[in-house]
């Protein structure tokens, strides 16, 4: 089957997919906001509290969590730290909402019977006021990033609808991973937000490619130019997608893992937002301008 | 020789410059000194020196150095049997006889059954009848070892009678510095709290004082800078190889020192005290250790300081009006009615009687003292040494103009760091291989795949070159940034390759094709730049490494490596 005629016949139907994803994401993020008053669940670095990592192989995470919860009488979150490459447990991470770091260390020692030293113990303590201002600062950074990126796009294409389509696509690329992260119950850290900034950069790459080909090229017809840009764009996306997916599996660092996960989800949805949504908008835009006849060869 | 054209030559030039900037050393020997104890410092060893051998045995790793140093300098305690005119005692001594001798009279005794003022008669079965007898034996009583430490510059030979404490790390193999999360250490964000809001000037003062304190403590491996978060001005400190407790106990304490008589302040730390005796046994040290109470030992330290003229005048004015309390009815000697009270952070640490001879005098020489406690003599001694060093540091640097609140502290274990680095490099390598597979499947043409790989690896290498040149600290976030910018690099190369390969029937010139590709690349570049720029200033610059790595990465890509990639393709495909 010919991709060009497929696209010509079905571009309106394809448009349904991004709309479903967009509505789905808005419902997930909106209901989360409604329930908690927050855009997403923040980890210690953005909220304040203590995150302690114990680098010992034989710790029972559930038992430790129970012990600490009874002892400290607050919500404690203990997760395992695994090395995927060797499929071994490396240690556990203990997170707690308030700043009782000394108590925490002693209690972990009591629960596990392991003496904690510089060699096997890392700790991060963030005051809640600082966590809050980090959070505010990073949200501001995301908004400024998005605004600056919007300026770049409008200057480059100088027409409203194609530029707005790029921004809408970038918006879906941000909100969909956010919704998935929320459904997975993952707490977002400072580096995670940095990953969303990278998503802005990655997301617009393929859209810029598409928009440039459609608006500024004269060879072939509208549909063949879209298919042509998809060939290039999908290669780009697959190269990055597979590389980061493998890196996600390999890395043991929680910071890197979260960054890679967010970008991988964003790249997946970017295929939909670019080729189902953005290209649809461009086809509609060109038809409306009545310029498309001009391009038939 | 045939020229490769401007764009490829520029790439080659950048690769050479990067190699120089990274300055990799392929074989490294020895270990680098991170901190020193008093003994080895006084011998002239410096932080940052590279130690090659200990007692002519080559040093290979920090672990190996610790063992060598222990073998070379640890000395077993010796049993000392001592008889005086009144008592006798038998005890173990290692680096110190636990008493001093003056005219054969015991002074500063730390032996429980021997008191000051007793006359030494016999030690380890040698009769002491005169000074000569003592001089003959005194240096033979304790064991000591000759330690030979060879650094890059010279050889140091000295006598040690206790284990030396030299903290070392691996010699860096290149100019690329590892960030805290890859090396281990502590990062603290401090917030000044006071009646007034801290100004930029205050922050700079604080940074100077903290920096001095760290220097005095022998912690040279540090980075301090101002950081802003929202409205707050903060101080960010990163110190390799130090634990959270040490930072809390030392850096963040305000260290407000006051010496008072009654309610009147005589002098404070800093500018009132132009000289503080430190690391010099003749005017500073632990003087006595005693069993203070059941199971509790106490050690007293003393060190001398010099007062400024102003402070000496204050001393004279205040003491002038004090009464003299005579120690006994017969002598004219005695003490003043009020003692000199020493406060550290508003806590009384010691109270000194003032000799009546100092009444109303503008004295500039003052002896400061204090104590340390513990449940054994050793712990009491360590506590006293720690308290003494803290007090000396505070007197030298003066107090911090603000109290400091720790708003964020991370402590990363060095073992973690090593694992993370290995793992991040592995993740990067795997990512490159996967990209290679994708482009092989897509293009099946070596003339495209090889230039692509050359470009990709060059980009990584040049980013590292920049890291070496500007002595960035490569942390996990920066590695993520490098991986991210390499990702966009691959994207752009695919755009270029497709633009060039596409429609051979078309009549566009090479120049035209590349120009078209570069419009897309430049817009994408500008968008990435726009997305990353705000991160340089956000969150106290903690993610600056990531933002800069990404920005530098994509900039190098757009202006150097990708044009070179275009040129490579042009040459290969045009044939």
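The values are calculated or read from the model by the stated rules, or taken from the named source; none is laboratory data. Because the structure is a prediction, the values reported are computed rather than measured. Glycine also receives a Cβ, built like all others from the backbone with ideal geometry; neighbour counts cover every protein chain displayed.
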Quick check on the stretch B:505-523: of everything there that is at pLDDT below 90 and closer than 19 Å to residue A:150 by Cα, which residue is farthest from the other protein chains (Cβ to nearest Cβ)?
B:521
In the stretch B:397-437, anything surrounded by fewer than 19 Cβ atoms within 10 Å (Cβ to Cβ) and touching a strand residue (DSSP E or B) at 6+ places or on another chain (Cβ under 7 Å) is listed as B:403, B:405
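For every residue, the table says whether it meets (1) part of a loop (DSSP other than H, G, I, E, B); (2) surrounded by fewer than 16 Cβ atoms within 10 Å (Cβ to Cβ).
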| residue | (1), (2) |
| --- | --- |
| B:175 | yes, no |
| B:182 | no, no |
| B:186 | no, no |
| B:190 | no, no |
| B:197 | yes, yes |
| B:204 | no, yes |
Hey, residue B:526 within 12 Å of chain A (Cβ to nearest Cβ) and surrounded by 24 or more Cβ atoms within 10 Å (Cβ to Cβ) or not
no
Out of the residues in the stretch A:148-188 that are out of contact with any strand residue (DSSP E or B) (no Cβ under 8 Å at 6 or more places or on another chain) and not in a helix (DSSP H, G or I), which is farthest from the other protein chains (Cβ to nearest Cβ)?
A:185
Of the residues A:226, A:281, A:262, A:208, which single one is crowded, with 18+ Cβ neighbours inside 10 Å, facing chain B (nearest Cβ under 8 Å) and modelled with pLDDT of 90 or more?
A:208
Given the residues B:83, B:47, B:106, which is the only one that is out of contact with any helix residue (DSSP H, G or I) (no Cβ under 7 Å at 6 or more places or on another chain), closer than 30 Å to residue B:153 by Cα and touching a residue at least 12 places away in the same chain (Cβ under 8 Å)?
B:47
Kindly evaluate residue A:252 against the criterion of being buried (at least 24 other Cβ atoms within 10 Å of the Cβ) and within 10 Å of chain B (Cβ to nearest Cβ).
no
Is it the case that some residue within the stretch A:128-147 is more than 23 Å from residue B:532 (Cβ to Cβ), part of a helix (DSSP H, G or I) and away from chain B (no Cβ under 14 Å)?
no
Residue that is farthest from residue A:124 (Cα to Cα), among those in the stretch A:27-43 that are part of a helix (DSSP H, G or I) and out of contact with any helix residue (DSSP H, G or I) (no Cβ under 7 Å at 6 or more places or on another chain):
A:27
All-but-one check, residue B:164 against (1) closer than 30 Å to residue B:239 by Cα; (2) surrounded by 13 or more Cβ atoms within 10 Å (Cβ to Cβ); (3) out of contact with any helix residue (DSSP H, G or I) (no Cβ under 8 Å at 6 or more places or on another chain), failing number (3)
Could we say that residue A:203 is assigned to a helix (DSSP H, G or I), surrounded by 24 or more Cβ atoms within 10 Å (Cβ to Cβ), more than 7 Å from every other protein chain (Cβ to nearest Cβ) and modelled with pLDDT of 90 or more here?
no
If you take the residues of the stretch B:17-69 that are under 17 Å from the mean Cα position of the chain (by Cα) and assigned to a loop (DSSP other than H, G, I, E, B), which of them is nearest to residue B:385 (Cα to Cα)?
B:37
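In the set B:81, B:129, which member is more than 30 Å from residue B:29 (Cβ to Cβ), assigned to a loop (DSSP other than H, G, I, E, B) and at pLDDT 80 or above?
None of the other options fit; the residue is B:129.
Okay, residues lined up against (1) within 20 Å of the chain's Cα centre (by Cα); (2) modelled with pLDDT of 80 or more:
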| residue | (1), (2) |
| --- | --- |
| B:221 | yes, no |
| B:225 | yes, yes |
| B:235 | yes, yes |
| B:243 | yes, no |
| B:251 | yes, no |
| B:277 | no, yes |
| B:280 | no, no |
| B:283 | no, no |
From the list A:127, A:163, which one is out of contact with any helix residue (DSSP H, G or I) (no Cβ under 8 Å at 6 or more places or on another chain) and touching a residue at least 12 places away in the same chain (Cβ under 8 Å)?
A:127
Taking the stretch B:163-202 and keeping residues within 14 Å of chain A (Cβ to nearest Cβ) and more than 30 Å from residue B:67 (Cβ to Cβ) leaves B:187, B:188, B:189, B:190, B:191, B:192, B:193
Looking at residue B:497, is it crowded, with 24+ Cβ neighbours inside 10 Å, free of Cβ contacts under 8 Å to residues at least 40 places away in the same chain and more than 30 Å from residue B:174 (Cα to Cα)?
no
Given the criterion more than 16 Å from residue A:205 (Cβ to Cβ), buried (at least 21 other Cβ atoms within 10 Å of the Cβ), more than 11 Å from chain A (Cβ to nearest Cβ) and modelled with pLDDT of 80 or more, identify the matching residue among B:474, B:543, B:535.
B:474
Testing residue B:441 on (1) modelled with pLDDT of 85 or more; (2) within 7 Å of chain A (Cβ to nearest Cβ), one condition comes back false. Which one is that?
(2)
I need the strands (runs of 3 or more DSSP E) fully contained in the stretch B:337-417, keeping only those with at least 1 residues that are touching a helix residue (DSSP H, G or I) at 6+ places or on another chain (Cβ under 6 Å).
B:365-374, B:403-412
In the set B:462, B:496, which member is part of a helix (DSSP H, G or I) and within 40 Å of the chain's Cα centre (by Cα)?
B:462
